[in-house]
Amino acid sequence: MTDVTQEAHFCQACVVRSRAICADLDQDEIQVLNSIGRRRNLAAGEQLLWEGDEAIIVANVVRGVLKLSTQTSDGKEQILGLVYPSDFVGRPFGQITPYGVQALTEAEVCIFQRTDFDRFAREHPRLEHKLLERTLKELDRTRRWMLLLGRMTAEQKLASFLLETAERAEPSSLTMPLSRQQIADVLGLTIETVSRLFSKMKMEGLIDLQSRRQVAILRPAELAVRAG
């Protein structure tokens, strides 16, 4: 069940504020942003945004991992990427939501009505600048992802995925946000190949598999070499 709450000063207590799009705002601007935002808790599997719907809300991720996905022409889901704490989702200044957003784990997001957020961003250039920075970083990440899918070997793909997940996930978590089948789909591999590579990396001492989803990276420098 979704829990939507309004808190008096949740921006001041936000654990990702220093990394989020609002990081450069002063105290007065934070108070204004606080007045138009709401915290929302999501259960694992709960949908936040639907592809093709009117862009009503945008959100900043405070806790948890969510996936971005689209539907292919034959009705299959294609995962486009993952979002982590401090990431921003939704389409500011747009009319249509370009992808679906679903929680992979229990999550907490700070949501804004898109029209309210657009108005605030236009009136506060520092936030607009931060949005532009985020957009360019996402473009760079997308280009790297295209390289990963198009040019790398299967082992390079999985090694790159593990390193990026470890870099962007919360420090206390070694839990993979995707199942092995989902990892295979994201990387354009078969589940058999992914499972074989996990076992190979474990045998070589690069990682430790504590469970189907618990992965500890033991030798990150050597894994980076494998990633190319």
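Nothing in this text is a laboratory measurement; each read-out follows from the coordinates by a stated rule. Remember, it's a predicted structure, so these values are computed and weren't measured experimentally. Glycine also receives a Cβ, built like all others from the backbone with ideal geometry; neighbour counts cover every protein chain displayed.
For the residue pair Lys202 and Leu163, what label-to-label distance in nm results when each label sits 7 Å from Cα along the Cα-to-beta-carbon direction?
2.3
Okay, which of the stretch 63-99 sit inside 16 Å, backbone N to the point 7 Å along the Cα-Cβ direction of Asp118?
Only 90-98 pass the distance filter.
How compact and how long is the stretch 3-125, expressed as Rg and Dmax of its alpha-carbon atoms in Å?
Radius of gyration, then largest Cα-Cα span, for the stretch 3-125: 14.4, 49 Å.
Please compute the contact order of the stretch 152-227 in relative form: average sequence separation of alpha-carbon pairs under 8 Å and at least six residues apart, divided by the residue count, as a percent. Each step should come with its number before you reach the end.
On the way: 72 pairs, mean separation 29.3, N = 76.
So the answer I get is 39 percent.
Whole-Hz Karplus ³J(HN,Hα) for the stretch 153-164, in order, using 6.51 cos²θ - 1.76 cosθ + 1.60 and θ = phi - 60°, x for Gly and Pro?
Running phi through 6.51 cos²θ - 1.76 cosθ + 1.60 with θ = phi - 60° gives 6, 4, 5, 5, 4, 5, 4, 5, 4, 5, 5, 5 Hz.
About the Cα centre, and with charges only on the beta carbon of Lys, Arg (+1) and Asp, Glu (-1), how big is the dipole of the chain? Nearest 20 debye, please. Provide the component values of the computation, followed by the final result.
Details: 30 positive and 31 negative charges, 150 e Å.
Here the size comes out at about 720 debye.
Which residues' amide hydrogens lie under 5 Å from the amide hydrogen of Ser86, considering only partners 5 or more residues apart or on another chain, with H built in the peptide plane?
Here Val61, Val62 satisfy the definition.
In the stretch 163-228, what trypsin sites (Lys or Arg not before Pro) fall in a loop by DSSP, with at most 14 other Cβ atoms inside 10 Å?
Passing both the DSSP loop test and the Cβ count: Arg212, Arg213.
Where in the stretch 68-130 are there chymotrypsin sites (Phe, Trp or Tyr not before Pro) that are in a DSSP coil and have at most 16 other Cβ atoms within 10 angstrom of their Cβ? Show your work: numbers first, answer last.
Numbers: sites: Phe88, Phe93, Tyr99, Phe112, Phe117, Phe120; in loops: Phe93, Tyr99.
Sites meeting the loop and neighbour criteria: Phe93.
Would you calculate the separation in nanometres between label points at Arg212 and Glu155, each defined as 7 Å from the Cα along the Cα-to-beta-carbon direction?
Rounded to a tenth, the inter-label distance reads 2.7 nm.
Which net charge results for the neighbourhood of Glu77, defined as the other residues with beta-carbon distances under 12 angstrom from its beta-carbon, given Lys and Arg at +1 and Asp and Glu at -1?
Working: positive: Lys67, Lys76; negative: Glu51, Asp74, Asp185.
After counting each charged neighbour, the total is -1.
Using the Cα centre of the chain as origin and beta-carbon charges of +1 (Lys, Arg) and -1 (Asp, Glu), tell me which of Val32, Gln156, Gln181 is placed farthest towards the positive end of the dipole.
Gln156
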